[in-house]
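Notes to accompany the following structure.
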Amino acid sequence: SRSGQDAALREQLVSNLFDGGHFASIQYRDHAGRVLVARRQPDAVSSVPAWFVALLPLPVASGEAWVAEGWQQSGRVEVRVSAREAYAALWSGLLRQLGVQLGVGAALCLAVLALLRWAQKPLRAIGEQAAAVGANRFVLLPEPAVAELRVVGRAMNTMVVRVQAMFAEQAARLEALRNEANCDELTRLPNR
């Protein structure tokens with residue numbers, strides 16, 4: 001300090017330091033401990049909800065140092081840090097992080113939805129194949145790309161081929177029985 005005993009200069013130096021906004025309080029004391037200059041501001045944080053401040057109590061650091069004028073000590077300064085900026089930074093960081101997480105969550109939900117639709121496409125095709133068999137239409141499908149559904153696709157195609165062969169065999173047998181019932185065995189002429 002080069003302020004000497006000038007009270008106005010001490011006042012101005014403390015005010016300049018305090019106006020930076022980083023301190024909750026600054027006190028300048030003399031050798032006897034009397035407060036010569038003091039500045040205080042409330043720790044209330046206007047941009048941060050009170051529940052957030054109550055939920056995360058931050059320890060407030062304070063410090064003190066001797067003020068020397070040359071080789072002689074002229075007093076002591078005590079500063080207490082303000083937690084306002086820390087709370088404001090934490091709150092804005094939390095809001096930013098929440099926004100990022102919501103964005104990533106929405107993107108993941110859309111990706112999972114697209115994946116499910118892609119995985120359901122072969123299932124729908126297999127369901128349509130089963131309905132076609134019930135309507136006497138025998139459709140063979142390409143094997144699905146999904147490994148778990150490939151087995152089901154193969155089994156359905158095999159079933160379609162077997163059912164088609166069984167229906168063809170039954171139709172041939174039915175035609176043979178119809179011919180046997182409606183035609184003479186010896187002449188193969190229609191019965192009356």
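The values are calculated or read from the model by the stated rules, or taken from the named source; none is laboratory data. Given the structure is predicted, the values throughout are model-derived calculations rather than measurements. A quick note on method: Cβ atoms are made from the backbone with ideal geometry, for glycine too, and the neighbour counts reach across all protein chains shown. The accessibility values were calculated without ligands, DNA or RNA, using every heavy atom of the protein model including side chains. Shrake-Rupley method; radii C 1.70, N 1.55, O 1.52, S 1.80 Å.
Rounded to the nearest percent, how much of the accessible area of the chain (1.4 Å probe, protein heavy atoms only) is carbon and sulfur?
Values: 8600 of 13950 Å².
On the chain, the fraction of accessible area on carbon and sulfur atoms equals 62 percent.
Could you tell me how many degrees, from 0 to 90 and to the nearest 10, lie between the Cα long axis of helix 7-18 and the main elongation axis, the longest principal axis, of the Cα atoms of the chain?
0
Can you give the angle from 0 to 90° between the axis of helix 147-182 and the longest principal axis of the chain, with both taken from C-alpha atoms, to the nearest 10?
20
How big is the gap, in Å, between the Cα center of the range 12-63 and the Cα center of the range 144-192?
Rounded to whole Å, the Cα centres lie 94 Å apart.
Residue separation times 0.36 nm, minus the C-alpha to C-alpha distance between GLU64 and ASN182: what's the value?
My answer for the length gained is 30.5 nm.
What distance in nm separates the two pseudo spin-label positions at ARG40 and ARG96, each 7 Å out from Cα along the beta-carbon direction?
3.4
Mean residue ellipticity at 222 nm from the helices of the chain, using -39,500 (n - 2.57) per DSSP H segment of n ≥ 4 over the full residue count, to the nearest 500 deg cm²/dmol? If you can, show how the numbers build up before the last one.
Working: 4 runs with 105 residues, N = 192.
Value at 222 nm, helices only, nearest 500: -19500 deg cm²/dmol.
With label points built 7 Å along Cα→Cβ from the Cα atoms of GLN164 and ALA135, find their separation and express it in nm.
With each label point 7 Å from Cα toward Cβ, the separation is 1.7 nm.
Pick out, from TRP66, GLN164, ALA176, the residue whose Cα sits farthest towards the positive end of the charge dipole of the chain, with +1 on the Cβ of Lys and Arg and -1 on the Cβ of Asp and Glu.
Of the candidates, ALA176 comes out farthest on the positive side.
With charges only on Cβ, +1 for K and R and -1 for D and E, what is the dipole size of the chain about its Cα centre, in debye, rounded to 20? Present the calculation step by step, with values, prior to reporting the outcome.
Numbers: 21 positive and 17 negative charges, 62 e Å.
In total the dipole reaches around 300 debye.
What residues have an amide H closer than 5 Å to that of VAL37, excluding those fewer than 5 places away on the same chain, when H is modeled at 1.01 Å from N in the peptide plane?
For VAL37, the qualifying residues are TYR28.
Multiply the residue gap between ALA54 and GLN120 by 0.36 nm, knock off their C-alpha separation, and tell me the result in nm, one decimal place. List each step's numbers first, then the result.
Working: separation 66, 0.36 × 66 = 23.76 nm, distance 4.90 nm.
Separation in residues times 0.36 nm, less the Cα-Cα distance, equals 18.9 nm.
Nearest 10 degrees, 0 to 90: what angle lies between the long axis of helix 84-134 and the longest principal axis of the chain (Cα atoms)?
Its long axis makes an angle of about 0 degrees.
Give the long-range amide H neighbours of ALA24: residues separated by 5 or more places, or on another chain, with amide H under 5 Å away, using H modelled in the peptide plane at 1.01 Å from N.
Result for ALA24 returns ARG80, VAL81, SER82.
If I take every Cα pair under 8 Å that is 6 or more residues apart in the chain, average their sequence separation and divide by the length, what percent do I get for the relative contact order? Provide the component values of the computation, followed by the final result.
Values: 170 pairs, mean separation 27.6, N = 192.
Value for the chain: 14 percent.
Taking H placed 1.01 Å from N in the peptide plane, check which residues at least 5 places from GLY75 or on another chain put their amide H under 5 Å from its amide H.
It is VAL67, by chain and number.
In Å², what does the accessible area per residue of the chain work out to with a 1.4 Å probe? Working shown, then result.
Values: 13950 Å² over 192 residues.
Ligands and nucleic acids excluded, the figure is 73 Å² per residue.
Calculate the tail of P(r) for the chain: the fraction of all Cα-Cα distances greater than 26 Å, expressed in %. Walk me through the intermediate numbers first.
Details: 12589 of 18336 pairs.
Counting every Cα pair in the chain, those more than 26 Å apart make up 69 percent.
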